[in-house]
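These notes are about the structure you will find just below.
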Amino acid sequence: MENNSIYNSIEDNRFCCGCRSCEQICPKRAVSIQYDKEGFLKASVDGDVCIQCGLCRKVCPAINKNTFASPMRYFAAVHKQDQVIRRSSSGGIFSALAEYVLKQNGSVYGCRLDENLIPIQSRIVNADDLDLLRRSKYIQSDTRQTFSQVKKDLLERKMVLYVGTPCQIAALRAFLQKPYEKLYCVDLICHGVPSAQLFQKNIEYWSRKLKSPVEKYEFRLKPSEHYHYYYFFLACKNGTTVQKPYFYDPYYEAFYNFKNYNEMCYQCQYACIERVGDITIGDYSWAVNHHPDLCERNNGKTDAISCVLVNSEAGKSLLNVIKDTLVLYETKREWITERNKNLIRPTVRPNTRDTFYIEVEKLGYNNWARKYYLSEVFIKNIPVFSYVFRAKNKLKKIIYER
Ligand SMILES: Cc1cc2nc3c(=O)[nH]c(=O)nc-3n(C[C@H](O)[C@H](O)[C@H](O)COP(=O)(O)OP(=O)(O)OC[C@H]3O[C@@H](n4cnc5c(N)ncnc54)[C@H](O)[C@@H]3O)c2cc1C
């Protein structure tokens, strides 16, 4: 009999993004999602239960591609409220969209870190919970039951905003199988996700180092004096806090340098200008070169500027109703893609990806991190080496951005 199901074993699903659309659609519950040896969520099928109906293949965003045409319009944008910008990764566009949908008694889905600091897609209906979903979590998030919840909301005629990586949005659309008038999907410009289990190891590492369990971790903190840096913030149970640039955290540094993504991310078919969300949001700090007056209005905070791509009629009408909460400047595609290369192609896979997770496993996270510290952070802080390091990074960027 022809094998119509998606994957037969956890071994042959390297290019699975772990979105759960197959698991959620399977009428026999034959698909389960498990962590692979690198700690990524991956689908596997129980051959004894599978009836070969093929639904899982039909909704898989790695097998199928269903995007809009190129965006209709491009904007540089910031939220008008400074306290929203401060709590957001870039310009607070997600908050503006979510505030509107919540006011319509709708539901908003996005990613939060749960009490164990595991990233999960979650539903909120109350503006008091908005901050949980704000800010980027640079980790593969677990969609759990959210696709089924979205369907239930839509059948109850609720307005829904779902924000996620492009593969998650493609998966949601495929799972729903038909368009819904009250559904607004927002995809992120995404360069890839490391595994949630690797992030857990990083949390354990910091807990051991600081001798107290880490209870809070935030990427993209914006300390006022260093608005332009990618800072992380963590807080321990005993009150200890750490707030430093990304390269003091071995996990974050590896993420920033493309070393530890899901294999699928390096071949992502959604890393292109044709988008899957009604609206696409991303960073646009270099808007300062093209819209200096926008930067001036934003008190010189370039890291707090977003790009917004309008990809469908639904996206156009949604942006239209929230436009008064934002400062919006029409911009150009080629200005956004100057640095946002993931609108053109997937992240280039570094050779070091071959051994990244193997090395972490072999050395143990602590030893791996120590080795990293000795070779990167320690050397970087010696002035003469810091010049070499900066030059090396510049060169790497030029090669990467070519
Ligand atoms: C893994 C990842 C990679 C990214 N790569 C790029 C990039 O290469 N270039 C670029 O311009 N922008 C990238 N971004 C987007 C960027 O970091 C900001 O999220 C974006 O600019 C929106 O900022 P904001 O201030 O409007 O919203 P914010 O308040 O920062 O809200 C961010 C939204 O993203 C959702 N989210 C956060 N983490 C995840 C996750 N792991 N999975 C799914 N959804 C999530 C949140 O729920 C929220 O809805 C990436 C984001 C993520 C999560």
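To keep it simple, each residue is scored yes or no on (1) more than 9 Å from the ligand (Cβ to nearest atom); (2) out of contact with any Ser or Thr (no Cβ under 8 Å at 6 or more places or on another chain); (3) modelled with pLDDT of 95 or more; (4) not charged (D, E, K, R).
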| site | (1), (2), (3), (4) |
| --- | --- |
| LEU102 | yes, yes, yes, yes |
| GLY110 | no, no, yes, yes |
| ASP129 | yes, yes, yes, no |
| LEU132 | no, no, yes, yes |
| TYR138 | no, yes, yes, yes |
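Conditions (1) in contact with a Phe, Trp or Tyr (Cβ under 6 Å, 6 or more places away or on another chain); (2) surrounded by fewer than 18 Cβ atoms within 10 Å (Cβ to Cβ), marked per residue:
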residue: GLN168; (1), (2): no, no
residue: ALA171; (1), (2): no, no
residue: LYS178; (1), (2): no, yes
residue: GLN200; (1), (2): no, yes
residue: TRP206; (1), (2): no, no
residue: VAL214; (1), (2): yes, no
residue: VAL242; (1), (2): no, yes
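In summary, PRO250 fulfils each of the numbered conditions (1) surrounded by 17 or more Cβ atoms within 10 Å (Cβ to Cβ); (2) over 16 Å from LEU117 (Cα atoms); (3) within 16 Å of the ligand (Cβ to nearest atom) with the single exception of condition (3).
Quick one: which of LEU132, LEU161 is outside any loop (DSSP other than H, G, I, E, B), at negative phi, under 18 Å from the mean Cα position of the chain (by Cα) and surrounded by fewer than 19 Cβ atoms within 10 Å (Cβ to Cβ)?
Every option except LEU132 fails the conditions.
For segment 107-120, taking the residues that are touching a residue at least 60 places away in the same chain (Cβ under 8 Å) and crowded, with 18+ Cβ neighbours inside 10 Å, the one that is farthest from ARG134 (Cα to Cα) is identified as LEU117. Applying the condition of being under 12 Å from ARG73 (Cα atoms) and out of contact with any Cys (no Cβ under 6 Å at 6 or more places or on another chain) to segment 276-290 and asking which residue is surrounded by the fewest Cβ atoms within 10 Å (Cβ to Cβ) yields ILE279. Out of curiosity, is ASP187 of a type in the set (Asp, Glu), at pLDDT 95 or above and within 13 Å of the ligand (Cβ to nearest atom)? Judged against the criteria, ASP187 is a match.
Being of a type outside the set (A, V, I, L, M) and in a helix (DSSP H, G or I) is a property that TYR205 has. Residue count for segment 239-263 satisfying the condition of being in a helix (DSSP H, G or I), closer than 23 Å to GLY18 by Cβ and of a type in the set (Ser, Thr, Tyr): 3. Of all the criteria given as (1) within 16 Å of the ligand (Cβ to nearest atom); (2) within 23 Å of PRO71 (Cβ to Cβ); (3) crowded, with 19+ Cβ neighbours inside 10 Å, the one not satisfied by ALA196 is (2).
The values are calculated or read from the model by the stated rules, or taken from the named source; none is laboratory data. In this text the structure is predicted, and so the values were computed from the model without any measurement. So basically every Cβ, Gly included, is an ideal-geometry build from the backbone, and we count neighbours across all protein chains shown.
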